[in-house]
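Before any comments, here is the structure.
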């Protein structure tokens with residue numbers, strides 16, 4: 001401050017503007033993810049082993065350019081306007097495109113578009129969430145080599161990213177994938193006698209496996225929960241008849257012993273179909289209840305995807321039965337009304353004031 005004036009000096013002004021410039025430069029250096037996938041025929045393994053950088057660190061433009069020069073990207077890179085990690089995780093078109101490919105993932109690259117402009121041509125897109133346009137762009141690219149995907153910026157700011165990272169995952173979904181069985185549940189809960197009901201979520205899974213025993217496929221899932229401790233669930237898929245699987249029993253094992261749970265629902269589905277049931281499916285032995293909501297299971301899957309669903313709710317569901325019942329009631333009322341109208345007898349004789357008075361007997 002200048003002496004006696006109360007006004008800020010030039011040194012303070014310079015320091016303030018310098019600090020503002022540094023802050024703007026720091027926030028301008030936001031990073032964007034980049035994905036490179038190569039076909040099985042490309043020489044990816046040898047090139048990847050020679051890369052000195054870890055794909056988990058933040059890369060500068062120079063470091064990212066040195067990494068790209070080692071890869072054989074035969075086609076132009078795909079550049080979108082906004083690209084974040086959530087877009088890569090939730091995009092179905094991208095998942096199908098990179099399925100079975102060798103993937104190199106850079107979660108944080110500073111100005112990757114500038115590097116692509118110096119090395120490769122570009123295919124610009126407005127929105128990666130437009131599945132149709134994104135699919136058409138990928139189809140036009142020769143997939144025999146390596147393909148790169150990145151974005152100009154991420155729509156989330158630095159502070160929003162921190163808030164999203166520290167947020168608690170309250171999802172109750174459970175996704176199990178083994179070499180023989182796929183299992184999905186919107187909510188899987190277990191109630192053991194007098195203990196409180198616990199939700200068996202994805203974060204509590206510590207192991208999963210599947211095996212074949214004679215004409216039976218067994219899915220084993222291991223959990224670790226604070227309430228029940230160590231828990232193992234085994235689903236037994238038996239071959240009921242040729243080409244059909246059935247699920248009758250589930251065995252759960254805790255430190256207190258092994259028990260068998262059964263269900264009254266007829267869980268039976270063809271081998272080339274998945275089984276889906278939105279209503280709650282309960283396995284119980286009288287004191288223990290295993291509840292599965294919106295269950296879908298596939299035995300003998302390919303490419304870790306569910307096939308066409310064989311639903312537990314048949315064609316004559318409760319809404320259909322309700323519609324049929326209401327239609328029948330209305331039909332009966334209509335028939336009764338028409339019968340009453342047809343039974344009405346109108347007058348066929350009229351009184352003539354100049355003639356004889358009409359006499360009508362009680363029989364008429």
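Brief remarks on what is shown
- Any hit, the stretch 337-348, residues being surrounded by 10 or more Cβ atoms within 10 Å (Cβ to Cβ) and free of Cβ contacts under 8 Å to residues at least 24 places away in the same chain: yes
- Some residue of the stretch 323-345 being within 29 Å of residue 240 (Cα to Cα), part of a helix (DSSP H, G or I) and not assigned by TED's automatic domain parsing to the domain that holds residue 237: no
- Number of positions in the stretch 189-198 that are without any contact (Cβ under 8 Å) to a residue 60 or more places away in the chain and crowded, with 16+ Cβ neighbours inside 10 Å: 1
- Breaking point among (1) modelled with pLDDT under 90; (2) more than 30 Å from residue 227 (Cα to Cα), for residue 275: (1)
- Candidates 60, 114 - the one that is out of contact with any strand residue (DSSP E or B) (no Cβ under 7 Å at 6 or more places or on another chain), in the same structural domain as residue 33 (by TED's automatic domain parsing) and modelled with pLDDT of 75 or more: 114
- The condition (being at pLDDT 60 or above and under 20 Å from the mean Cα position of the chain (by Cα)) is satisfied by just one residue among 138, 174, 149: 174.
- Selection status of residue 210, modelled with pLDDT of 85 or more and buried (at least 16 other Cβ atoms within 10 Å of the Cβ): yes
- From the list 291, 272, the lone residue that is part of a strand (DSSP E or B) and touching a residue at least 24 places away in the same chain (Cβ under 8 Å) is 291.
- Verdict on residue 313 being part of a loop (DSSP other than H, G, I, E, B) and more than 17 Å from residue 188 (Cα to Cα): yes
- Residues in the stretch 250-261 that are loosely packed, with under 14 Cβ neighbours inside 10 Å and either touching a strand residue (DSSP E or B) at 6+ places or on another chain (Cβ under 8 Å) or modelled with pLDDT of 90 or more (or both): 2 in all.
- Residue within the stretch 81-96 that is in the same structural domain as residue 65 (by TED's automatic domain parsing) and assigned to a strand (DSSP E or B) present: yes
- Selection status of residue 177, more than 18 Å from residue 290 (Cβ to Cβ) and touching a residue at least 24 places away in the same chain (Cβ under 8 Å): yes
- Only one entry in 248, 252 is touching a residue at least 60 places away in the same chain (Cβ under 8 Å) and in a strand (DSSP E or B), namely 252.
- Just one residue in the set 280, 302, 307 is under 33 Å from the mean Cα position of the chain (by Cα), under 20 Å from residue 175 (Cβ atoms), in the same structural domain as residue 235 (by TED's automatic domain parsing) and surrounded by fewer than 10 Cβ atoms within 10 Å (Cβ to Cβ); that residue is 302.
The values are calculated or read from the model by the stated rules, or taken from the named source; none is laboratory data. As the structure is a computational prediction, the values presented were derived from the model and not from experiment. Neighbour counts run over all protein chains shown; Cβ positions are idealised from the backbone, glycine included.
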